[in-house]
1. Just a yes or no: is a residue in segment 156-169 modelled with pLDDT of 90 or more and out of contact with any Ser or Thr (no Cβ under 8 Å at 6 or more places or on another chain)?
2. Would you mind listing the strands (runs of 3 or more DSSP E) fully within segment 58-128 where at least 3 residues are of a type in the set (S, T, Y), closer than 30 Å to Y150 by Cα and without any contact (Cβ under 8 Å) to a residue 24 or more places away in the chain?
3. Can you run down the residue pairs with Cβ atoms below 6 Å, 6 or more apart or on separate chains, where the first is in segment 174-194 and at pLDDT below 95 and the partner is among the aliphatic types (A, V, I, L, M) and assigned to a loop (DSSP other than H, G, I, E, B)?
4. Among the listed residues A23, A64, identify the single one that is modelled with pLDDT under 50 and closer than 28 Å to I216 by Cβ.
5. Out of the residues in segment 115-136 that are exposed (fewer than 15 other Cβ atoms within 10 Å of the Cβ) and not charged (D, E, K, R), state the one that is nearest to Y199 (Cα to Cα).
6. So the check is Cβ under 6 Å with 6+ separation or different chains; which pairs have a first residue in segment 199-222 that's of a type in the set (A, V, I, L, M, F, W, C) and a second one that's crowded, with 22+ Cβ neighbours inside 10 Å and in a loop (DSSP other than H, G, I, E, B)?
7. Counting only residues that are surrounded by 17 or more Cβ atoms within 10 Å (Cβ to Cβ), at pLDDT below 95 and not β-branched (V, I, T), how many does segment 67-101 have?
8. Pick from segment 102-114 the residues that are surrounded by 20 or more Cβ atoms within 10 Å (Cβ to Cβ) and among the hydrophobic types (A, V, I, L, M, F, W, C): which of them is nearest to Y49 (Cα to Cα)?
Amino acid sequence: MQSIAKLPLASLTMVIAGLLFWAAPLLAQVVQLAWDPSTSQDVAGYKIYYKADSSELPLDGVEALEGPSPIDVGNVTAFTLNELPEGSIYYFRATAYDSTGYESSLSNLAFSEWLPAILAPGMNEIVDSSVVLVWSPPPDDLDLTFSLVYGTDPELRTNIKSNKGRLKKDPTFIPTMLIDNLADTSYTANDLYSGITYYWQVVATDGSGQQYTTGISSFVTE
């Protein structure tokens, strides 16, 4: 019987599923992988190899909730990796293995989109009335501008009518601020009210209009 080690997988595909909260201070992304099954008659399972910010072998990542690379996912052709921190591009390959442990060659390479990561302040960190908001720089091949959104609305809505209605009901409510066309990966927010929870988010935009968005983080003023 032909060894499974000589039967590479046909295709590995990858879909970004969305965002979820990770342990403070970062947010994290969920990545869904799917691949064509091996043509071997003796497939016992598959392994996923991954690594952050480099496709060079070995793919020895450690960030995913499911464990370090490689992850033995069993005899399935789709798998979800959770809690991969933002701010990195993740690279993936898959292998199949048989009942004796022989492993196939690596599949083709798949990779995730880059998503900006909120670096500081941490989630719900106590800050002064002036705070420097910092997010991760993009890869060198991405030419981006940034928009910063912050305010006291947990959903960061920018609708003027809804903000006015909220302001009448809650005098501590501060309308959402939108700061456009930032070239740097930091911004100093001044004259913040004391004892208030602020929420903030960063949207990165490239020349074609493609956007890369962080989750919403928060900080609390003294």
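The values are calculated or read from the model by the stated rules, or taken from the named source; none is laboratory data. Just so it is clear, the structure is predicted and the values come from calculations on it, not from any experiment. Counting neighbours? That spans all protein chains shown, and the Cβs are built from the backbone with ideal geometry, glycine included.
1. No, that holds for no residue.
2. It comes to none.
3. Pairs that qualify, where the first residue is at pLDDT below 95 and the partner is among the aliphatic types (A, V, I, L, M) and assigned to a loop (DSSP other than H, G, I, E, B), are T176/L156.
4. The conditions single out A23.
5. N124
6. Partner pairs satisfying both residue conditions: V202/P116; V202/T214; A204/P116.
7. 16
8. This residue is A110.
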